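What follows is a single structure, written as structure tokens, with notes after it.
A short reminder: the numbers here are calculations on the coordinates, not readings from a lab. It should be emphasised that the depicted structure is a prediction, and the values quoted were computed from it without experimental measurement. Quick reminder, even Gly has a Cβ in these numbers, built from the backbone with ideal geometry, and neighbours come from all protein chains shown.
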Amino acid sequence: MLSRIAESLFWIGRYVERADDTARILDVQTQLVLEDPAANEAATCRAVLSIMGARPPGDDDLDVTRLVELLAHDQSSPESIAACLQAARESAWRARETLSEPLWVAINTTYRAIDSGSFRAMRRDRGLRWVRDQAALINGTADATMTRDEGWQFFVLGRTLERADMTARLLASAALSPGHAWTTTLRACGAHEAFLRARRGLEIDREVVGFLLLDRLFPGSVAYSVTGAERCLANLESDAHRAGVESDARRILGRARSELEYRSVNDLLADLPGAMDRFQRSCAAATDAITRHFFAGSEALAWHGTRQ
Amino acid sequence: MATAVEWAPDHGTRAYDEMYDGAAVRPEYDALRSSLDTLDGADLRSRIDTLATSYLDQGVTFDIGGEERAFPIDILPRIIGADDWARIDAGVQQRVRALEAFLADAYGVGRVFADGVLPRSAVVSSGAFHREAAGIVPVNGVRCHVAGTDLIRDEDGRFLVLEDNVRVPSGVSYVMTNRRAIGSVLPEVMSAHRIRPVAGYPQALLAALRAAAPAGVADPTVVVLTPGVYNSAYFEHALLARTMGVELVEGRDLECRRGRVLMRSTRGLEPVHVIYRRVDDEFLDPVQFRADSMLGCPGLVNAARAGNVTLANAIGNGIADDKLIYTYVPDLIRYYLGEEPALPNVETWRLGDDAAREEVLDRLDELVLKPVDGSGGKGIVIGPAASRSELDRLRAEICAHPRAWIAQPVVSLSTVPTYADGAMRPRHVDLRPFAVNDGDRVWVLPGGLTRVALPEGELIVNSSRGGGSKDTWVLAGRTTRPVPASAPAAVVPAPEQASPQVAGPALRDLTGRQAQQEQQQQTGPGPC
């Protein structure tokens with residue numbers, strides 16, 4: 001598979017996941033502000049922006065409407081859902097010949113709703129649900145129509161890495177914010193019901209962190225996502241040696257996962273923001289390593305435009 | 001329910017209308033007209049709306065100046081009868097064979113010049129003549145793996161050749177997508193006809209490309225080379241790559257080493273044997289052509305000359321579709337094939353001839369003037385529609401560069417009813433059939449791209465000038481009617497009732513209860 005196409009598929013996976021997660025986070029946070037009379041709207045919005053790695057606007061009048069504008073609709077801010085879905089479509093257009101027809105149409109029609117303004121015109125909660133629905137449609141269509149070849153591995157690799165990274169961001173922010181943050185975090189991960197069933201409703205920090213970080217059966221947990229990413233990398237290196245680990249990316253992810261798995265939850269809780277920050281750095285380093293290892297061919301341009 | 005498809009034929013012009021013979025409907029269009037007459041206006045309009053949005057959703061688009069637009073398609077197909085098609089098929093094949101012979105000769109020994117059929121100067125003065133192509137001998141003798149021949153229908157209903165395209169003819173993707181789109185919005189109309197299919201094109205193209213592989217390569221790797229996503233025909237490049245199951249590469253994906261072409265893959269560099277390139281000659285190889293081009297790959301031409309990679313279509317083909325050479329094609333057909341042309345050219349003046357130029361300069365206001373190297377309708381001046389000052393500028397231009405222009409009479413292109421302003425109105429069309437040459441035979445896709453000029457009276461049909469398109473139906477002749485296969489009777493017997501083993505708990509529950517309810521009804525008091 002061409003390096004350039006592999007890179008496009010990797011990023012389609014990431015962008016769609018990012019749009020999906022951003023919609024979940026926005027949905028939960030806006031409801032939280034609405035339902036909690038004690039909530040400081042501006043501070044909450046600022047915290048959400050910082051989790052998403054977005055620069056908060058300079059002025060003070062930050063409210064939920066502004067937050068939704070920035071993180072959902074503003075195409076000029078790269079963290080927004082609109083920008084992610086546009087980027088996913090751009091990547092899909094570049095990899096057009098490798099995508100199945102229904103997968104392409106699912107991505108393209110999603111983007112068209114943004115381009116035509118119909119996403120912006122939706123009521124807030126309906127719009128955010130629409131994003132989650134579209135992400136599910138895209139992922140489901142990919143699941144049903146893509147051959148499990150390299151392209152699929154890159155697509156899932158992008159999705160799982162992004163998911164691990166987003167869950168880590170949420171946990172870090174939950175540790176920083178007071179009050180009901182654990183329930184909120186569970187809901188933002190779409191994990192509330194799964195958690196209640198698995199842990200019998202004990203919503204205390206130790207249980208929630210243990211679940212979202214380390215549960216081996218819940219697809220949104222960090223450990224589950226990282227394991228998925230590692231499996232993709234292993235499949236991509238099927239001709240690897242029988243001993244040892246071939247690529248930097250796998251080594252980085254494996255180490256980051258062990259770092260979480262082999263520490264006690266109490267230990268992790270003592271410095272959750274620090275641990276999550278280290279984990280996110282590992283995700284970024286793994287992305288760099290993947291880019292160098294698999295996509296490097298697509299960037300080199302040797303010709304400098306002189307006749308020899 | 002009154003029929004509301006409003007037909008607004010125009011009997012005022014000289015143009016040949018393909019649907020109406022005066023007032024009556026021509027036989028090819030009988031079934032189409034009567035199927036459409038059963039639709040009511042609201043139904044038709046909703047189908048037209050579906051058609052309009054479906055191309056945007058599917059991304060069947062082209063790019064104009066960075067803006068992506070849906071390729072416009074009209075709901076009413078254009079129909080070509082079996083006899084007409086047989087002539088087109090023969091004529092296109094013949095032209096491609098003659099042009100292949102001409103290219104081999106012109107880049108080879110030049111017999112055609114020595115025999116005085118065509119002056120050598122006409123070829124070497126062409127902007128598309130590349131000495132770089134001279135050393136490259138195609139493995140199976142093919143230089144025009146794909147050709148697109150533009151045809152028009154004159155006032156008498158005769159098909160004439162307007163120009164040849166043997167460099168990178170585009171539009172075939174719309175032939176295939178148009179068929180699918182019309183099939184989904186007018187299924188009952190389509191099923192009232194027997195239409196020759198167009199879906200086989202990618203397989204025919206792939207077979208021809210594989211047949212052109214360098215000698216000794218048993219299982220060649222074929223790729224499609226695109227200038228990139230901002231090229232107006234990117235959709236087509238992607239569709240062809242996808243339907244052939246090959247990689248779509250950009251110049252930056254390729255690398256030439258020691259006379260071989262490799263592509264950058266996730267597993268390192270992999271060899272490439274046949275490149276169906278959709279990049280123009282000038283941008284293909286900065287070593288040989290434009291040094292500033294990033295669209296191709298340095299070293300491609302050397303790899304082709306070394307016989308390690310096949311470029312399809314070949315470099316330097318432009319001399320065969322130069323509009324000055326076009327005027328000689330009927331002679332080339334007679335010279336190389338010993339046949340009379342099956343499809344005539346449009347009458348054309350060569351402005352290098354003094355007498356012809358004198359006559360043309362006197363009659364500029366009644367002729368069409370075309371630059372010989374223009375494509376996409378660029379630079380064409382239609383005399384009757386041009387202003388005084390435009391004609392003066394043109395006159396000076398022609399006197400300065402007579403080789404650069406040809407002149408033709410204004411041919412009123414035929415019309416086909418087209419949906420515009422709420423009714424079916426006649427609009428001018430042309431036709432581009434596509435031919436694929438695998439070295440053994442030239443195959444013409446039954447159909448082709450019908451382009452339609454949407455503004456009333458407009459004669460330029462290019463999509464870059466706001467033109468639309470129509471699905472083009474070539475009717476199967478009576479003699480080729482396939483024997484209808486009898487349906488295999490009851491090979492797989494349908495189960496009489498759903499087997500409980502295959503239903504999940506919910507369905508089991510549902511059907512169980514339903515059965516109980518039915519039983520209860522049966523055992524209840526009868527209606528006596």
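Need one word for the protein assembly as shown: rounded, prolate or oblate. Basis is the Cα gyration tensor (sqrt eigenvalues a ≥ b ≥ c); a/c below 1.5 gives rounded, then a/b vs b/c decides.
prolate
State the Cα centre-to-centre distance between the stretch B:52-94 and the stretch B:319-340 in whole Å.
Their Cα centres are 27 Å away from one another.
Compute the Cα gyration tensor for chain B, then decide on rounded, prolate or oblate, letting a ≥ b ≥ c be the square roots of its eigenvalues: rounded whenever a/c is under 1.5, prolate when a/b is larger than b/c in the other cases, and oblate in all that remain. It would help to have the intermediate numbers written out before the result.
Working: a/c = 2.19, a/b = 1.40, b/c = 1.56.
Because a/c hits 1.5 or more and a/b fails to exceed b/c, chain B counts as oblate.
Using a Förster distance of 45 angstrom, determine the FRET efficiency expected from the C-beta separation of B:Ser191 and A:Asn266, and round it to 0.05.
0.05
List every residue whose amide H lies under 5 Å from the amide H of B:Arg194, counting only residues 5 or more places away in sequence or on a different chain, with H placed 1.01 Å from N in the peptide plane.
It is B:Ala476, by chain and number.
Could you work out, residue by residue across B:288-300, how many beta carbons of other chains sit within 10 Å of that residue's beta carbon, and then give the average as an integer? Spell out each step's value before the answer.
Values: counts 1, 1, 2, 6, 4, 2, 3, 0, 1, 2, 5, 1, 0.
Average per residue, whole number: 2.
In terms of modelled amide H atoms, which long-range or inter-chain residues lie less than 5 Å from the amide H of B:Arg277?
Under 5 Å from the amide H of B:Arg277: B:Leu225, B:Ala312, B:Asn313.
How large is ³J(HN,Hα), in whole Hz, for each residue of the stretch B:220-232 in order, when computed from phi with the Karplus curve 6.51 cos²θ - 1.76 cosθ + 1.60 and θ = phi - 60°, using x for Gly and Pro?
Those phi angles translate into x, 8, 9, 10, 9, 9, 10, x, x, 5, 8, 6, 4 Hz.
Using DSSP, restrict attention to beta bridges with both residues in the protein assembly as shown and report what percent are antiparallel, rounded to the nearest 5.
Numbers: 52 of 70 bridges.
If we restrict to bridges inside the protein assembly as shown, about 75 percent are antiparallel.
I'd like the distance between the alpha-carbon centres of the stretch B:240-267 and the stretch A:67-131, rounded to an integer number of Å.
So the separation of the two Cα centres works out to 30 Å.
What is the sum of charges around B:Ala8, taking Lys and Arg as +1, Asp and Glu as -1, for the other residues whose C-beta is under 10 Å from the C-beta of B:Ala8?
Details: positive: B:Arg425; negative: B:Glu6, B:Asp10, B:Asp421.
Surrounding charge for B:Ala8 is -2.
Which whole number gives the average count of other chain Cβ atoms within 10 Å of the Cβ atoms across peptide B:234-241?
Values: counts 3, 2, 0, 2, 8, 2, 1, 3.
Mean partner-chain Cβ count within 10 Å for B:234-241: 3.
Using the Kyte-Doolittle scale, which helices in chain B average at least 0.5 and also have C-alpha atoms spread 24 Å or more along the helix axis, with helices defined as whole DSSP H runs?
Membrane-span-like by this rule: not one helix.
5 Å is the cut-off here: which amide hydrogens, built 1.01 Å from N in the peptide plane, fall below it relative to B:Ile460, excluding neighbours closer than 5 in sequence?
Hits under the 5 Å cutoff: none.
Please give the calculated 222 nm ellipticity per residue for chain A, where each DSSP H segment of at least 4 residues contributes -39500 (n - 2.57) and the sum is spread over every residue; nearest 500 deg cm²/dmol?
On the way: 15 runs with 211 residues, N = 308.
For chain A, the value works out to -22000 deg cm²/dmol.
Starting from the Cα-Cα distance between A:Asp63 and A:Asp143, subtract it from 0.36 nm times their residue separation and give me the gain in nm to one decimal.
Value of the extension gain: 25.0 nm.
Using only the Cα atoms of the stretch B:132-275, build the gyration tensor, take square roots of its eigenvalues as a ≥ b ≥ c, and label the shape rounded, prolate or oblate: rounded if a/c is under 1.5, else prolate if a/b is larger than b/c, else oblate.
Values: a/c = 2.22, a/b = 1.62, b/c = 1.37.
Prolate is the answer for the stretch B:132-275, as a/c is 1.5 or above and a/b outweighs b/c.
Go ahead and estimate [θ] at 222 nm for chain B from helices alone: -39,500 (n - 2.57) per DSSP H run with n ≥ 4, summed, over the residue count, rounded to 500.
-9500 deg cm²/dmol
Mind giving me the FRET efficiency for A:Arg216 and B:Ala8? R0 is 60 Å, r the Cβ-Cβ distance, nearest 0.05 is fine.
0.30
Computed FRET efficiency, Cβ-Cβ of A:Ala136 and B:Glu67, R0 22 Å: what is it to the nearest 0.05?
Values: r = 31 Å, r/R0 = 1.42.
It comes out at approximately 0.10.
Sum up the charges of everything whose Cβ sits under 15 Å from the Cβ of B:Gly157, counting Lys and Arg as +1 and Asp and Glu as -1, but leave B:Gly157 out.
Net charge around B:Gly157: -4.
So what's the net charge close to B:Val25: Lys and Arg +1, Asp and Glu -1, counting the other residues with Cβ under 13 Å from its Cβ?
Local charge sum for B:Val25: -4.
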